[in-house]
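Structure first, then comments.
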Amino acid sequence: MTEVTDDDLCPEGYYCPSGSIKTNVEANYLCPIGYYCPKGSVTYHECPDGTESLFEGLSECTACPSGYKCTDGSKETCPAGIVCWANELYPYGTMCNNGTFLRDNMTSVGTMDDCDPCPTG
């Protein structure tokens with residue numbers, strides 16, 4: 001039996017359904033958007049919440065930026081009145097604290113500093 005070397009494994013950014021050994025890697029085995037494919041992948045893997053994969057052929061997912069929510073490997077603007085932290089695992093963000101509100105001209109926020117205190121009275 002032939003020993004498998006690191007060079008024989010399916011390359012990063014691709015998946016090889018026939019096994020983790022590369023045979024004839026074609027464009028249709030390129031890792032799809034929203035997924036990642038580390039070296040030796042038999043199939044593609046969904047990006048965890050709080051990360052994104054916006055391009056084909058990625059071997060790992062990237063952290064979701066502040067002001068966005070990332071679920072299923074895709075990125076959306078954080079909903080109005082919600083704070084979405086960078087790389088947040090909870091995909092729906094955090095509401096402004098009690099006694100604060102989102103500034104009039106903003107639709108999403110990246111930090112709690114974007115929430116202003118409510119006026120007195």
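Some notes on this structure:
- Here Glu56, Glu88, Glu46 are screened, and the one residue that is on the phi < 0 side of the Ramachandran plot and at pLDDT below 90 is Glu88.
- Answer residue from the range 74-85, given it is assigned to a loop (DSSP other than H, G, I, E, B) and modelled with pLDDT of 75 or more and is nearest to Thr62 (Cα to Cα) among those: Cys84
- Residue in the range 27-42 that is under 30 Å from Asp6 (Cα atoms) and modelled with pLDDT under 80 present: yes
The values are calculated or read from the model by the stated rules, or taken from the named source; none is laboratory data. The model shown is predicted, which means the values in this text are computed figures rather than measured ones.
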